[in-house]
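One structure below.
Read-outs: derived from the displayed coordinates by stated rules, not from any lab. Everything numeric here is computed off the predicted structure, so don't read it as measured data. Cβ: placed from backbone, ideal geometry, glycine included. Neighbour counts: every protein chain shown.
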Ligand SMILES: *Cc1c(COP(=O)(O)O)cnc(C)c1O
């Protein structure tokens, strides 16, 4: 129950144990086509260029930046947590100019600040932001940000690593241009795959580049020779065959459950966890309207050694929760309720285990209420 990797669904592990076949085997190519159409479903998009990059979420991020950003371009990066900072670093390494629009960690991105930056920098080419900040548990209004960026004729790069499968991601409704996600958060697949989706406008921008893409491996002009439509698939790199079996299965599972049902399940378990934590006297740092159901940043009670509590949870209950990052280090725990791990059993285990170890260390909490309050939410 940390910030990822989440528990992998056993069906996914079984799929990954199938025999390895060739990356150009017709059956494998057929499965790749299914991965692409299942991804279009998950992202809610008709984007033709919707594929799985053969590496973790960070490689999906880099694929978006390295293909769209050219030296000298101006890119607005909205930063309200750790992952926005990594976006800015990607832009710098492309010899492009970053305009940083900062918000407090634990809050959503403020639209007015972004609009001010767009007005002050009319030559901006791209606006980039994180939809679901895993470092803080805050979700931003992706639709409003994408529409604002488009009003100023900018492309958007959107990080949906933690949102995909957990909360609504709707690329075509948002009008998002380049989007990346990851396999190991709410999709509950093993780490190592990063889906990306590029709009028609984004594809045009890649084609119109004046300079070559500064990465051979992530250059979509080359990658699409392998992932693109048609019979003439050519070797680019050896696809991680078994990882893709698992990823395919994870998408099939999401399809069986349905997007709406998956989002509702994440929300209900979040509400139960929150009821229990609040009954204990703990609180979530993100304001209610900006909260992610799949990542709960919780205050640490006065005088508690937060690392010792996490260690005890792991040793005594085989339960992992996350530490705070960056400016929230030492100030919060991050409790994940992602994908397959978002269930009532985990909520009850987490609350009772946390109460036990906090009581043992004489933390100032209310005892004996949390599980009952959480259970009430399930009605
Ligand atoms: C986990 C995460 C990433 C990076 O994904 P990796 O698979 O660890 O490379 C990027 N952005 C966000 C918001 C994340 O939560």
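Here are a few things to note about the model shown:
- Each part gets one Cα centre, and for region 91-131 versus region 195-244 those centres are 26 Å apart.
- Annotation: peptides 237-247, 291-301, ranked by per-residue average of other Cβ atoms within 10 Å with the highest first, follow the order 291-301, 237-247.
- The ranking of 207, 36 by Cβ neighbour count inside 10 Å, starting from the fewest, reads 207, 36.
- Taking every alpha-carbon pair under 8 Å whose residues sit at least 6 apart, region 236-379 reaches a relative contact order of 32 percent.
- Here is how the number arises for the chain: DSSP H runs of 4 or more residues each give -39500 (n - 2.57), the sum is divided by the residue count, and the result at 222 nm is -13500 deg cm²/dmol.
- Folded to 0 to 90 degrees: helix 142-151 orientation relative to the chain principal axis, Cα: 30 degrees
- Ordering of 217-224, 163-170 by packing is 163-170, 217-224, highest average first (other Cβ atoms within 10 Å, averaged per residue).
- Per-peptide packing, taken as the mean over residues of other Cβ atoms within 10 Å, places 266-272, 110-116 in the sequence 266-272, 110-116 from highest down.
- Antiparallel bridges, percent of DSSP beta bridges restricted to the chain (to nearest 5): 55 percent
- Over the chain - Rg/Rh using Cα atoms and the Kirkwood inverse-distance radius: 0.99
- Inter-centroid distance (Cα atoms) of region 1-76 relative to region 155-177, Å: 14 Å
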